[in-house]
1. With the condition being among the acidic types (Asp, Glu) and either in contact with a strand residue (DSSP E or B) (Cβ under 8 Å, 6 or more places away or on another chain) or over 22 Å from residue 115 (Cα atoms) (or both), I'd like the strands (runs of 3 or more DSSP E) fully within the range 160-247 carrying at least 2 qualifying residues.
2. Only residues that are out of contact with any Leu (no Cβ under 8 Å at 6 or more places or on another chain), exposed (fewer than 15 other Cβ atoms within 10 Å of the Cβ) and more than 16 Å from residue 415 (Cβ to Cβ): list them for the range 349-369, please.
3. Exactly one condition in (1) in the same structural domain as residue 125 (by TED's automatic domain parsing); (2) over 21 Å from residue 12 (Cα atoms) is false for residue 258; which is it?
4. Yes or no: residue 129 without any contact (Cβ under 8 Å) to a residue 40 or more places away in the chain and in a helix (DSSP H, G or I)?
5. Mind listing whichever residues of the range 134-166 are aromatic (Phe, Trp, Tyr) and more than 17 Å from residue 208 (Cβ to Cβ)?
6. Going by what's in this entry, would residue 305 be described as polar (S, T, N, Q) and in contact (Cβ under 8 Å) with a residue 60 or more places away in the chain?
7. How about the range 132-163: which of its residues are modelled with pLDDT under 95 and surrounded by 21 or more Cβ atoms within 10 Å (Cβ to Cβ)?
8. Going by the conditions given, is residue 322 more than 19 Å from the chain's Cα centre (by Cα), of a type in the set (Gly, Ala, Ser) and not in a helix (DSSP H, G or I)?
Amino acid sequence: MDRLDFNGKEYNPETLALGYGYDAAFSEGAVKPPVFLTSTFQFKSAMDGKKFFELAYGLREKEENEDIGLIYSRINNPNLQIFEERIAAWDKTEEGAVFASGMAAIMTSIFCHAQPGDTIISSAPVYGGTHYLFEHILPKYKINVVQIAAGENLVSGILDKAKEIGEDKIKMLYLETPANPSNKMVDIEAISKASKEIAKKGGQDKVLVAVDNTFLGPVFQRPALFGADLVIYSATKFIGGHSDLIAGVVTGSKELIKPIKDFRTIFGTMANPFTGWMLLRSLETLSIRMRRQAKNAVKLAELLQEHPKVKRVMFPTLFEKGSRQREIFEKQCTGPGSLIAFEIDGGEEKAFKLLDSFKVFRLAVSLGGTESLVEHPMTMTHSDVDPAELETYGVTAGVIRMSVGIEHSSDLKRDVEQALDQI
């Protein structure tokens, strides 16, 4: 099927996830794409091989209606290509690139679009692995990263920092929204406008806006609609959705994704064909899973909000009405997702006792799977971040991060209540 119907209207992503980019006639009529477990592909002729490589390595421009032929699974593979087309359609972008992990997606995209001497300004907090990349790896390659706390002063903070450093040195604004694990929202549209202002003052054509959309996308948030240039995911999480694969994705314009794919080919950071096939399986139920998880999470957030042993709950539906956070959430999101952060008194000792008391929730890192998980950000996913820095973001030793799954809500509620009774 095509992306557009017979009237030129785009199909909904839930429909595209079941048929877009695949022609059963090329696979013996199989309704579902088979797994193309092959390292290399046979050419029909030597001339085909020559033409395919010319396009793959940019030796000539594509002719009208010409596609890059299949060469080698480090360059392209049907399972990956079909998934890339479907996830890009979901994001309302032109093209996608799938990777061996979320960190591979982030790293390859940054090394493609940033050079020594460039500066990236990032919202904070971010995922622990991203923080490590920013603090310990990119500086070795003379790529500077400045992190600014997400909140009311983020836009002005970015503009001030760009002026201080020099607008001509700013290459990318990197956002994670909602922030991990504080659920702090970032106004993508406002940051996009700031990027244009920085680019103009610095004499640049563009300052890229990259958004880690793992928590809410692509079902509840589409950053490209608000000006994001690159939309990044750990597909391990909600997109994969079953805690049985590791993958990452970047979507955006063809102009920006093509060089990322070129770097991916040389770095070898692509996903393997079987992972691509599993992602196609998962994409079909993505909307159903995420909506069920969000429904459960809303109920648990309300329970936690009313519980006497819980100091505060960080969850989008609980943002104060009329607040800036509520305004951003209502503008750019269609749902709250299913990640809850909440704080209890007693620091690490009480937090650990609570974590050890759950029966249905599993004590494990990661998120977005069908099963419910709990973890302790300060000593687990964000253990590389200085505790004092984390506390400035509202992440204390008493904060628990909860990823809500698709179990029956009544069982999850009982489990939360009995665990809290133990502390």
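1. Numbers: elements: 170-176, 208-212, 230-234.
Because the criterion is at least 2 residues that are among the acidic types (Asp, Glu) and either in contact with a strand residue (DSSP E or B) (Cβ under 8 Å, 6 or more places away or on another chain) or over 22 Å from residue 115 (Cα atoms) (or both), no strands (runs of 3 or more DSSP E) in the range 160-247 meet it.
2. Once the filter is applied, which keeps residues that are out of contact with any Leu (no Cβ under 8 Å at 6 or more places or on another chain), exposed (fewer than 15 other Cβ atoms within 10 Å of the Cβ) and more than 16 Å from residue 415 (Cβ to Cβ), the range 349-369 yields only 349.
3. It fails just one condition, (1).
4. Values: without any contact (Cβ under 8 Å) to a residue 40 or more places away in the chain: yes; in a helix (DSSP H, G or I): yes.
For residue 129, the condition - without any contact (Cβ under 8 Å) to a residue 40 or more places away in the chain and in a helix (DSSP H, G or I) - is met.
5. So the first thing to find is which residues in the range 134-166 are aromatic (Phe, Trp, Tyr), and the list is 134, 141.
The one that is aromatic (Phe, Trp, Tyr) and more than 17 Å from residue 208 (Cβ to Cβ): 141.
6. no
7. 150
8. Working: more than 19 Å from the chain's Cα centre (by Cα): yes; of a type in the set (Gly, Ala, Ser): yes; not in a helix (DSSP H, G or I): yes.
Considered against the rule, which asks whether it is more than 19 Å from the chain's Cα centre (by Cα), of a type in the set (Gly, Ala, Ser) and not in a helix (DSSP H, G or I), residue 322 comes out as yes.
The values are calculated or read from the model by the stated rules, or taken from the named source; none is laboratory data. Fair warning: this is a prediction, and the values are worked out from it, not measured in the lab. Note that we place each Cβ from the backbone using ideal geometry, even for glycine, and neighbour counts take in every protein chain shown.
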